[in-house]
Amino acid sequence: MIKKLLQRVFSKKDKPAKHETTQPNGRTKKRADTGAKSISNNTHGIDRRLLSNAAVKTTEGLQKAGFEAYVVGGAVRDLLLKRRPKDFDIATDATPEQVNRIFRRSRIIGRRFRLVHVIFGDETIEVSTFRGSHLGDTADNQVADSGRILRDNVFGNQEEDAVRRDFTANALYYDPATEDILDFHNGVADIQAGILKMIGDPVTRYREDPVRMLRAVRLSAKLGLKIDPATETPIPKLAELLSDVPPSRLFDEMLKLFLSGHAIQSAVQLRKHGLHHGLLPLLDVVLEQPIGAKFVNLALKNTDARVLAEKPVSPGFLFATLLWHEVLVAWQRYQKQGNRPIPALHMAMTEVTDIQAEKLAIHKRYSVTMKEIWGLQPRFEMRVGKRPFGLLEHPRFRAAYDFLLLRCESGEVEMELGEWWTKFAETHPEERLNLLKNVPPSNNAEPRTRRRRRRKPTA
Ligand code: ATP
Ligand code: MG
């Protein structure tokens, strides 16, 4: 039994394939029959030193074991655009199990799309096996009636792998050993012309995976590429297909979109393409109310500035800002129905997060942060007694205070309130009592004092 298992594990099928690319002269002759252009370093000019060590070690490890391995996708595109890639993905003809066996610190992940994470210190390299055609319905490969691909795990060759990528700019394979790029769909020329173009028929490709519409918008905003007309035109008509996409995928994509450092531009583009309406309730309100738009624009500008300065950004804070105006509307409604302010706010918070959870699976840890930030807002108005001191000590004070400043800047609350809190937080502790004495009376929400019933005097 064990012998059989071992035989299966080390069967011929698993033996490393003959390496095709690392010939002594570094050329890639074998490629002529695949229809790919091999573009040498003299032409594309990528500086190999901009690759991370981990990416180079991964391709070297795979190539030494006899497999093909390339840096692929966004990293090659970004390097051609002279941008520093965020991360490096590798494509190979080795199966996930084979990759896993080569690298001690690696693990197979994913269900819809099985791939391997190879870990080097704090860097993780994603290695995926060349994928094949998704036509036909098998256990590894399922397509819904709408044309959406449900499972996509059939391995294929490199040419097939290139066809199933989304944009020509994303279907480039860079071999760090030869420094050549293999270009199956004219991606290098498109990048040089500043164009983002779908591979194949755009309508079919959007039906297969509607998230590609969001990717088109995000990548064009982030990279300053123009979406090719044939790629752009069908988007508004197909926008409603997004409602079919599992919420968790939508959430991941929204997070990428808003944390790209180009959130404002992305939001404008989403709106232009009709991708924000109804499908992403998050953005319905955001972009359609004057104060809401002002508040969100400030928040997104802030986020963009932080991302570009490589400062950390909190998704919980970001989503709290995107949803605040929905919370405000619901809060007022609950108060009009006769609820007291604080319980009304909590009802509004629950309502808004529940609605969003249906469409966008906002992770619990983010919704907890969001609710804390919102829930602390009324406490900024209570500038009497010990209350401000308690708020200052709250673990979420900083985030809630930053949120308050955005509310002030957008005109939703008096600037005076934000300025007072800035002084209060920054001043010497002994000075704080003085600040409290100077609170303008009209802006000072008194805590409700409970009337004590007078006890009847005992005899
Ligand atoms: P980013 O810079 O934001 O990471 P990216 O293009 O690298 O952009 P990833 O999500 O990291 O985006 O995807 C890596 C590669 O996988 C892409 O460049 C593309 O080739 C392919 N890909 C990703 N998503 C899709 C999709 N929905 N359909 C087809 N190919 C995709
Ligand atoms: Mg990427």
Among the candidates 102, 119, residue that is modelled with pLDDT of 95 or more and either out of contact with any Ser or Thr (no Cβ under 7 Å at 6 or more places or on another chain) or within 15 Å of ligand 1 (Cβ to nearest atom) (or both): 102
Residue in the stretch 241-264 that is in contact with a strand residue (DSSP E or B) (Cβ under 9 Å, 6 or more places away or on another chain) and on the phi < 0 side of the Ramachandran plot present: no
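State all residues of the stretch 342-371 that are of a type outside the set (A, V, I, L, M), in contact (Cβ under 8 Å) with a residue 40 or more places away in the chain and either in a helix (DSSP H, G or I) or touching a strand residue (DSSP E or B) at 6+ places or on another chain (Cβ under 7 Å) (or both); if no residue qualifies, say none.
356, 358, 359, 365, 366, 367, 369
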Positions within the stretch 79-99 being within 13 Å of ligand 2 (Cβ to nearest atom) and either hydrophobic (A, V, I, L, M, F, W, C) or more than 18 Å from residue 124 (Cα to Cα) (or both), in sequence order: 79, 83, 88, 90, 91
Odd one out for residue 347 among (1) surrounded by fewer than 19 Cβ atoms within 10 Å (Cβ to Cβ); (2) in contact with a Pro (Cβ under 7 Å, 6 or more places away or on another chain): (2)
Helices (runs of 4 or more DSSP H) wholly inside the stretch 146-264 containing at least 3 residues that are within 16 Å of ligand 2 (Cβ to nearest atom), in contact with a His (Cβ under 9 Å, 6 or more places away or on another chain) and not acidic (Asp, Glu): 211-223
Verdict on residue 75 being closer than 19 Å to residue 169 by Cα, open to solvent by less than 10 Å² (accessible area, probe 1.4 Å) and more than 14 Å from ligand 1 (Cβ to nearest atom): no
Residue within the stretch 193-202 that is surrounded by fewer than 19 Cβ atoms within 10 Å (Cβ to Cβ) and charged (D, E, K, R) present: yes
Search result, residues across the stretch 398-428 that are assigned to a helix (DSSP H, G or I) and open to solvent by 20 Å² or more (accessible area, probe 1.4 Å): 398, 399, 402, 405, 409, 415, 416, 419, 422, 423, 425, 426
Long-range neighbours under 8 Å by Cβ, at least six apart or interchain, first residue over 22 Å from residue 131 (Cβ atoms) within the stretch 64-83, second more than 16 Å from ligand 2 (Cβ to nearest atom) and among the acidic types (Asp, Glu): 79/47
Whichever residue in the stretch 32-52 is in contact with an Asp or Glu (Cβ under 8 Å, 6 or more places away or on another chain) and in a helix (DSSP H, G or I) and, among such residues, is modelled with the lowest pLDDT: 34
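Identify the residue in the stretch 297-338 that is among the charged types (D, E, K, R) and assigned to a helix (DSSP H, G or I) and, among all such residues, is farthest from the chain's Cα centre (by Cα).
To start, the set of residues in the stretch 297-338 that are among the charged types (D, E, K, R) comprises 301, 304, 306, 310-311, 326, 333, 336.
From the residues that got through so far, the ones that are assigned to a helix (DSSP H, G or I) too are 301, 304, 306, 326, 333, 336.
Details: 301: 17, 304: 13, 306: 15, 326: 22, 333: 33, 336: 37 Å.
Here the answer is 336.
The values are calculated or read from the model by the stated rules, or taken from the named source; none is laboratory data. Please read all numbers here as calculations on a predicted model, not as lab measurements. Positions of Cβ are backbone-derived with ideal geometry, glycine not excepted, and every protein chain shown enters the neighbour counts. When the accessible area is computed, the model is the full protein with side chains, heavy atoms only, and any ligands, DNA or RNA have been set aside. Shrake-Rupley method; radii C 1.70, N 1.55, O 1.52, S 1.80 Å.
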